[in-house]
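The next block holds one structure in the form of structure tokens; read it before the comments.
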Amino acid sequence: MESDGDLARYGLYGEHEGPPAPEFLHIEPISARASLYEWEISAHSHSTLHQIILLDEGTGTLHADEEAVPLAPHSLIAIPSQCIHSLQFAPGSEGWVLSFAVEMLHDPRLGQSAQTNALARPTASRARLPSGGSDLARLRWIMEAIAADLAAATSGGLSKVLVAEFGLLLAASDALLAQGQARPALTRQEALARGFRRLVDKGFDRDWPVSHYARELGSSEPTLNRACRVVFGKAPGEVIQARLLLEAMRYLTYSNGSISQIAGRLGFSDPAYFARFFKSKAGVTASEFRRQRRWAANEGRA
């Protein structure tokens, strides 16, 4: 497998990596992309996406963590962001590939279902499901439902139904992947990065410098920076900005406050600076984003 310096980093495989929306959720059949690359997905990683794959028909091989793992029919695979991996599928293989933004796991609408252990570590995990069993049937049904509801969506917002289906998939996948697998202890960097993420969830709108977070965690700023880059593929400041963007998107979608009011709630004393921040991170203005998500807001209040 290539060295990390030569490694391709993608959003979806083969597509330029850009900052996805914090609510980015995408699903497609395995054949839709694998067939375009002669069923061989070369070594790469995703800086901002997690993936859950259900290989329903066919076989393959997963290369991850310097290990080649054969994949049988009815294999469930979780690939966290930053995990260097490649995949080879037998021609004609079928199943689903679900990709979603890392920030989705911090959406409060998901509740406890977002507390997934399978994606909390930078290593891939897998499980083989019994043929004809209820677990396999349940995962098929959920993934087919997500695919149908995403295809029918009339805006970029995730409906309550889609959020519920996604939460069910997370909970079901995590339970299945945990069966028969030992829980390895977190490394120091993983523990530090996860502690930082929890603090960011509490203080992202307080304009705390990275040095403040490091002190709260009993660490140094350089040590925290290294841990975040290894675990999240981002500097600590980028993690904070991503959390701010997520909250801004939620306010713009689900609240009636003016853009200036939302800027103030998020700790921006200058609304113009908030406007520049939002456009640089989201690619559209705050007002345009709100217009695009008005359908989601109406659905959320239904």
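The values are calculated or read from the model by the stated rules, or taken from the named source; none is laboratory data. Note that the structure is a prediction, hence the values are computed from the model and not measured. Reconstructed Cβ throughout: ideal geometry from the backbone, glycine too, with neighbour counts over all protein chains shown.
If A68 passes every condition in (1) in contact (Cβ under 8 Å) with a residue 40 or more places away in the chain; (2) among the hydrophobic types (A, V, I, L, M, F, W, C); (3) over 25 Å from R138 (Cα atoms) but one, which one does it miss?
(1)
Looking at R126, R109, R140, which one is basic (K, R) and assigned to a strand (DSSP E or B)? Working first, answer last.
Values: R109 fails: assigned to a strand (DSSP E or B); R140 fails: assigned to a strand (DSSP E or B).
Selected residue: R126, the only one of R126, R109, R140 that is basic (K, R) and assigned to a strand (DSSP E or B).
Listed residues A137, A145, A90; which is touching a Gly at 6+ places or on another chain (Cβ under 6 Å) and at pLDDT 90 or above?
Numbers: A137 fails: touching a Gly at 6+ places or on another chain (Cβ under 6 Å); A145 fails: touching a Gly at 6+ places or on another chain (Cβ under 6 Å).
Only one candidate qualifies: A90.
Picking from L168, L224, L192, L177, which residue would you name as being out of contact with any His (no Cβ under 6 Å at 6 or more places or on another chain), assigned to a helix (DSSP H, G or I) and under 18 Å from A124 (Cα atoms)?
On the way: L168 fails: under 18 Å from A124 (Cα atoms); L224 fails: under 18 Å from A124 (Cα atoms); L192 fails: under 18 Å from A124 (Cα atoms).
The match here is L177.
Among (1) of a type outside the set (D, E); (2) surrounded by fewer than 18 Cβ atoms within 10 Å (Cβ to Cβ); (3) within 16 Å of the chain's Cα centre (by Cα); (4) at positive phi, where does R109 come up short?
The failed condition is (4).
Within segment 154-186, track down each residue that is of a type in the set (S, T, N, Q) and either at pLDDT 75 or above or out of contact with any Ser or Thr (no Cβ under 8 Å at 6 or more places or on another chain) (or both). Break it down into steps so the answer makes sense when it comes.
Step one: of segment 154-186, the residues of a type in the set (S, T, N, Q) are 154-155, 159, 173, 179, 181.
Correct list: T154, S155, S159, S173, Q179.
Enumerate the pairs (first residue in segment 189-203 and crowded, with 16+ Cβ neighbours inside 10 Å; second residue anywhere and polar (S, T, N, Q) and modelled with pLDDT of 85 or more) with beta-carbon separation below 8 Å, excluding pairs fewer than 6 apart on the same chain, so at least 6 apart or on different chains.
L192/S219; L192/T223
Restricting the search to segment 205-221, which residues are assigned to a helix (DSSP H, G or I) and either in contact with a Gly (Cβ under 8 Å, 6 or more places away or on another chain) or surrounded by fewer than 16 Cβ atoms within 10 Å (Cβ to Cβ) (or both)?
D205, R206, V210, S211, H212, Y213, R215, E216, E221
Criterion first (at pLDDT 90 or above and either of a type outside the set (D, E) or outside any helix (DSSP H, G or I) (or both)) does A151 satisfy it? Walk me through how you get there before you give the answer.
Values: at pLDDT 90 or above: no; either of a type outside the set (D, E) or outside any helix (DSSP H, G or I) (or both): yes.
No, not satisfied.
For (1) farther than 23 Å from T48 by Cβ; (2) among the acidic types (D, E), each residue gets a yes or a no:
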site	(1), (2)
A147	no, no
F166	no, no
L192	no, no
F196	no, no
D207	yes, yes
G218	yes, no
P222	yes, no
R226	no, no
P236	no, no
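Does segment 276-291 hold any residues that are more than 22 Å from the chain's Cα centre (by Cα) and either surrounded by fewer than 18 Cβ atoms within 10 Å (Cβ to Cβ) or in contact (Cβ under 8 Å) with a residue 40 or more places away in the chain (or both), and which are they?
R276, T285, S287, E288, R291, listed by residue number.
Counting only residues that are modelled with pLDDT of 90 or more and either small (G, A, S) or part of a loop (DSSP other than H, G, I, E, B) (or both), which one in segment 33-47 is farthest from I142 (Cα to Cα)?
Out of the qualifying residues, it is E38.
Please count how many residues of segment 48-106 are assigned to a loop (DSSP other than H, G, I, E, B) and either surrounded by fewer than 18 Cβ atoms within 10 Å (Cβ to Cβ) or touching a helix residue (DSSP H, G or I) at 6+ places or on another chain (Cβ under 9 Å) (or both). Don't jump to the end; show me each part of the working.
So the first thing to find is which residues in segment 48-106 are assigned to a loop (DSSP other than H, G, I, E, B), and the list is 48, 58-59, 65-66, 72-74, 80-84, 90-93.
Imposing the further condition that a residue be either surrounded by fewer than 18 Cβ atoms within 10 Å (Cβ to Cβ) or touching a helix residue (DSSP H, G or I) at 6+ places or on another chain (Cβ under 9 Å) (or both) reduces the set to 48, 58-59, 65-66, 72, 74, 80-82, 84, 90-93.
Of the residues in that region, 15 qualify.
Provide a single number: the residues in segment 262-275 that are surrounded by 13 or more Cβ atoms within 10 Å (Cβ to Cβ) and either over 17 Å from R206 (Cβ atoms) or basic (K, R) (or both). First the steps, then the outcome.
Keep residues of segment 262-275 that are surrounded by 13 or more Cβ atoms within 10 Å (Cβ to Cβ), which gives 262-268, 271, 274-275.
Next, from what is left, pick out any that are either over 17 Å from R206 (Cβ atoms) or basic (K, R) (or both): 265, 271, 275.
Residues that pass the stated criteria total 3.
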